[in-house]
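Data block below; observations after.
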Amino acid sequence: MERSSGMQNNGGCFSRGCGWIKSLPERSKAKIVECARKIKKLGQDDPRRVNHSGKVGLAITLVSLFYYFEPLYNGFGDSAMWAVMTVVVVFEFSVGATLGRGLNRGLATFLAGALGFGAHRLATLSGEKGEPMLLGLFVFLLATTVTFVRFFPRMKARYDYGLLIFILTFCLISVSGYRDDEVLDMAHKRVSTILIGGLTAVFVCICICPVWAGDDLHNLAAANIEKLGIFMEHFGVEFFRKPEEGESINKASLQGYKSVLNSKNMEESLVNFARWEPGHGQFKFRHPWKHYLKVGSLTRQCAYKVEALNGYLNSDIKTPPEIQGMIQDSCTKMSSEIGKALKELALAIKSMTPPSSASSHLVKSKNAAKNMKLLLYSDLCEGINLLEVVPAVTVTSLLFEVISCTEKIAEAIHELASLAGFENVEQEKPKLPEQGEMQQGANMDVHHHVVTIDQPPPVKPQNGSLSSSTTS
């Protein structure tokens with residue numbers, strides 16, 4: 001019995017092994033097809049990746065000629081490998097990143113080479129016994145000082161790579177010079193080949209299909225604002241939509257704003273790279289790249305409030321129909337006009353034109369907000385379960401805050417337009433709504449409601465701001 005059972009187990013293993021071998025070609029083919037599909041998608045998502053790969057290969061091939069041609073190799077010797085290494089570590093995706101690393105490496109190599117040669121000469125004056133002690137002291141002091149300097153935030157952000165190369169080059173020149181009498185020749189060859197490699201990388205990066213970090217930063221700022229505008233433009237309709245009506249838009253398409261929440265690191269990196277770049281296209285040499293950080297910060301603040309609004313799209317607590325009927329027009333109007341204003345601001349950044357067209361949508365959204373505040377100060381909620389009204393009141397409060405955030409974004413974009421020299425900035429400065437305009441809009445929009453006000457209306461906001469009224 002046990003023998004027959006063992007034979008069956010062996011037969012089962014053998015059959016599984018045969019099946020695995022037979023299916024191996026098909027599985028291998030499926031994996032190859034899947035890998036090819038991923039490669040194709042990676043290239044289609046951003047064709048610049050293919051160009052960048054080719055540029056890196058071209059730059060490395062060019063500096064490799066120092067090894068392939070005898071006259072060049074005789075001039076630099078084994079130090080020619082430093083040119084290849086420099087291209088590998090310096091060449092980055094964007095022009096700004098490549099320039100930053102190239103200038104850091106070139107300047108650090110030159111200064112460290114000069115200091116290393118000077119330290120070697122100074123140490124030789126102390127005799128054979130004092131030379132290693134003095135060299136060790138120089139290495140300790142410089143490495144300690146430069147490492148501490150790296151902790152400064154500004155140095156860390158822009159010059160960290162250069163400081164590392166400075167330590168490395170100084171130690172190589174000063175320490176290796178202790179055993180090599182031709183320290184000046186060695187320093188000259190290393191500095192020369194590193195500069196040649198850096199210049200080759202920068203030349204190829206700029207002259208062949210350049211990728212500008214400034215363009216990416218500019219487009220990122222516009223795209224983030226536009227994503228918020230798309231959500232807000234459809235939020236009011238979706239929030240008050242009844243289940244039996246179905247969906248007019250795929251809610252998954254409204255989730256693009258989520259990428260805005262985690263865009264801070266990318267914005268900071270792009271700003272750092274863009275500051276290294278020369279003037280190009282519509283961007284002048286001293287374009288106010290740092291101001292994009294302010295625009296991005298305000299955009300993320302707005303995105304956090306949009307994230308809170310998104311949580312109410314599928315809320316289990318439903319607002320009574322009679323309340324919905326009274327607040328739907330104002331809330332939908334606020335949401336729609338905010339979305340249009342945000343999309344106009346995004347378009348202003350893309351086209352580098354003054355954000356004047358967004359002001360009219362801000363006026364309309366504030367008028368709708370004024371109407372909503374009058375309703376909130378009336379006997380709207382009399383005889384109604386407060387728990388059922390909480391979602392509607394919370395959404396209304398969040399919409400007030402989004403209007404305030406949108407106004408701040410508009411002001412920041414106008415500042416950017418002024419600093420960057422957008423056309424007709426002074427003439428096209430967005431005009432904030434006056435109190436009379438808001439009151440007129442309020443009287444026009446509430447005629448179809450009967451509102452009983454039990455207490456004095458809220459204090460009128462100054463300069464069109466909603467912040468004081470929102471907190472009341």
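The values are calculated or read from the model by the stated rules, or taken from the named source; none is laboratory data. All of these numbers come straight from a predicted model, not from anything done at the bench. Every residue, glycine as well, gets a Cβ built from its backbone with ideal geometry; the counts of neighbours run over all protein chains shown. Keep in mind that these areas ignore ligands, DNA and RNA; they rest on the heavy atoms of the full protein, side chains included. Shrake-Rupley method; radii C 1.70, N 1.55, O 1.52, S 1.80 Å.
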In this structure, is R105 of a type in the set (K, R) and over 30 Å from S53 (Cβ atoms)? no
Filter result for I21 (assigned to a helix (DSSP H, G or I) and modelled with pLDDT of 85 or more): no
Going by what's in this entry, would L115 be described as crowded, with 17+ Cβ neighbours inside 10 Å and either in a helix (DSSP H, G or I) or free of Cβ contacts under 8 Å to residues at least 12 places away in the same chain (or both)? yes
Do the conditions hold for F170, that is, is it outside any helix (DSSP H, G or I) and of a type in the set (A, V, I, L, M, F, W, C)? no
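Rundown of residues vs (1) at pLDDT 90 or above; (2) over 16 Å from E131 (Cα atoms); (3) open to solvent by 60 Å² or more (accessible area, probe 1.4 Å), yes/no style:
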| position | (1), (2), (3) |
| --- | --- |
| R158 | no, yes, no |
| L163 | yes, yes, no |
| S176 | no, no, no |
| R179 | no, no, yes |
From the options V211, V237, V202, V191, residue that is open to solvent by less than 40 Å² (accessible area, probe 1.4 Å) and within 30 Å of T299 (Cα to Cα): V211
Quick one: H120 ticks every box in (1) surrounded by fewer than 17 Cβ atoms within 10 Å (Cβ to Cβ); (2) assigned to a helix (DSSP H, G or I) except a single one, so which number is it? (1)
I'd like to check which helices (runs of 4 or more DSSP H) are fully inside region 241-351 and have at least 3 residues that are aromatic (F, W, Y), open to solvent by less than 70 Å² (accessible area, probe 1.4 Å) and modelled with pLDDT of 80 or more. none
Of the conditions (1) among the hydrophobic types (A, V, I, L, M, F, W, C); (2) surrounded by 13 or more Cβ atoms within 10 Å (Cβ to Cβ); (3) free of Cβ contacts under 8 Å to residues at least 40 places away in the same chain; (4) not in a helix (DSSP H, G or I), F151 clears all except one; give me its number. (2)
Can we say A80 is modelled with pLDDT of 85 or more and of a type outside the set (V, I, T)? no
Picked from region 352-361 (must be open to solvent by 10 Å² or more (accessible area, probe 1.4 Å) and closer than 19 Å to I230 by Cα), the residue modelled with the lowest pLDDT is S357
